[in-house]
Amino acid sequence: MKKSNILKQRLLNQHILGSQFDNPDDMVRWMTAVQAQDFLSSLWAIGIRVKNACESDIEDAIANRSIVRTWLLRGTIHFVSSQDIRWILDLISPRIIASNANFLEKNLQLDSNIFQKSRKVISKALEGGHTLQRKDLYNELKSADISISDMRGLHILHRLALEGVICFGPREGKQHTFTLLDEWIPKNNTMSREKALAELALRYFYSHGPSTLQDFRWWSGLTDADACKGLDKNKSKLISEDINNKTYWFSNYNKDTDYSYPTSQLIPDFDEYIVGYKDRSHLVNGISNNKMELNEFIFNPTIILNGEIVGTWKRILKAGKVKILLNLFKKLNNEENRIIKEAAITYGKFIGMPVSVVTVNNGFKG
């Protein structure tokens, strides 16, 4: 398998190309988790993978509780299906909580007693179906003489989310809210730890493959031993291929799909197409061999051409229009420039605005 085939299969398996999903719920469940710390970017991360989607479709899915936003894999914020949130939290949270405990107690004086008190305060404030903004929850904590200084407030919310006490609710204007998970999503779909390991691994290699065990280990945040267990339980259901001394695992889903190039997408920052893999060297061609620089692509909206990163992009909203600024890392031909502009127009349709496209750099990094 060539690098171009790896990238093509990832685009297809992540449904960035040829999406078969009509709604956000089914797409998020297929991906298992979609990284979502930048809220507006994460709406597009879902929208680019759903046929004819617009921003309101994803916000509606949040409001009707079919997808949930919370701290999840690697302790970072993700969207997850309401059908999957319980068993994934049960699987991944204990290790994250344990690994953070000493630091929080030593440096911020957040011990088990503080967390227990905070749990009672916030549960009481939210019970009965209430949703409150972060500042309101912080006020509740301060009223109970629980300090929120030095990021203590955020660490408390983070811990309670990992415990399955709270999750994000719908937005109030531009402000995010929190609610009680048990009231927002009735308890469902728990499973044994062994079954959960197998399920998480199978979902990952189906939706993110071709990928390596190390990629799965990074994405999931599991230990090496648990990541191996998850893969081992699924090897009979997967295909493997050794490329440059690395073993890639994937399913035969989309394996023989013929999709004509060229294609282009404007993907958001923190997108699964980049952040879902430990090794990101496949994504560039002669742009950079610097590992630190490759990892920086996570934090930027990127321009994808035939699966590779060829630049970054930025949006500017003004007077009901969106201007897309393209920063290209190499010279492109007329056809390549045309399909990138088509990708920009697709983004404009998603947010419901006409688009103008401006190339600010053409052929160099800056």
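What the table shows:
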| item | result |
| --- | --- |
| Of residues in the stretch 161-174 being at pLDDT 95 or above and part of a strand (DSSP E or B), the one farthest from F39 (Cα to Cα) | I166 |
| Cβ pairs under 6 Å, 6+ apart, first in the stretch 280-291 and closer than 18 Å to K2 by Cβ, second surrounded by 12 or more Cβ atoms within 10 Å (Cβ to Cβ) and at pLDDT below 85 | R280/L294; H282/K3 |
| Whichever residue in the stretch 91-113 is buried (at least 16 other Cβ atoms within 10 Å of the Cβ) and either under 25 Å from the mean Cα position of the chain (by Cα) or among the acidic types (D, E) (or both) and, among such residues, is nearest to L162 (Cα to Cα) | S93 |
| The stretch 79-130 - residue that is β-branched (V, I, T) and in a helix (DSSP H, G or I) and, of those, farthest from D25 (Cα to Cα) | I114 |
| Residue in the stretch 134-147 that is surrounded by 15 or more Cβ atoms within 10 Å (Cβ to Cβ) and touching a Leu at 6+ places or on another chain (Cβ under 6 Å) present | no |
| Single condition I243 does not satisfy, out of (1) under 19 Å from the mean Cα position of the chain (by Cα); (2) in contact (Cβ under 8 Å) with a residue 60 or more places away in the chain | (1) |
| Sole residue being buried (at least 19 other Cβ atoms within 10 Å of the Cβ), at negative phi and charged (D, E, K, R), chosen from R171, R203, R193 | R203 |
| Residues (among the basic types (K, R) and either buried (at least 18 other Cβ atoms within 10 Å of the Cβ) or touching a strand residue (DSSP E or B) at 6+ places or on another chain (Cβ under 7 Å) (or both)) located in the stretch 1-20 | K8, R10 |
| Residue list for the stretch 44-75, restricted to those being farther than 17 Å from L200 by Cα and part of a loop (DSSP other than H, G, I, E, B) | I48, R49, V50, K51, N52, A53, C54, N64, R65, S66 |
| The stretch 328-348 residues that are in a helix (DSSP H, G or I), paired with ones that are surrounded by fewer than 16 Cβ atoms within 10 Å (Cβ to Cβ) (beta carbon under 8 Å, 6 or more apart) | E335/P262; E336/P262; I339/P262; G348/P354 |
| Output for the stretch 21-43, where each listed residue is part of a helix (DSSP H, G or I) and either out of contact with any helix residue (DSSP H, G or I) (no Cβ under 7 Å at 6 or more places or on another chain) or surrounded by 24 or more Cβ atoms within 10 Å (Cβ to Cβ) (or both) | P24, D26, M27, V28, R29, M31, F39, L40, S41, S42, L43 |
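So that you can scan it fast, the table gives a plain yes or no per residue for (1) at pLDDT below 95; (2) β-branched (V, I, T); (3) more than 16 Å from T263 (Cα to Cα):
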residue	(1), (2), (3)
K314	no, no, yes
N333	yes, no, no
I340	no, yes, no
M353	no, no, yes
V360	yes, yes, yes
G363	yes, no, yes
G366	yes, no, yes
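The values are calculated or read from the model by the stated rules, or taken from the named source; none is laboratory data. What you are looking at is a predicted structure, and each value in this text was computed from that prediction instead of being measured. Positions of Cβ are backbone-derived with ideal geometry, glycine not excepted, and every protein chain shown enters the neighbour counts.
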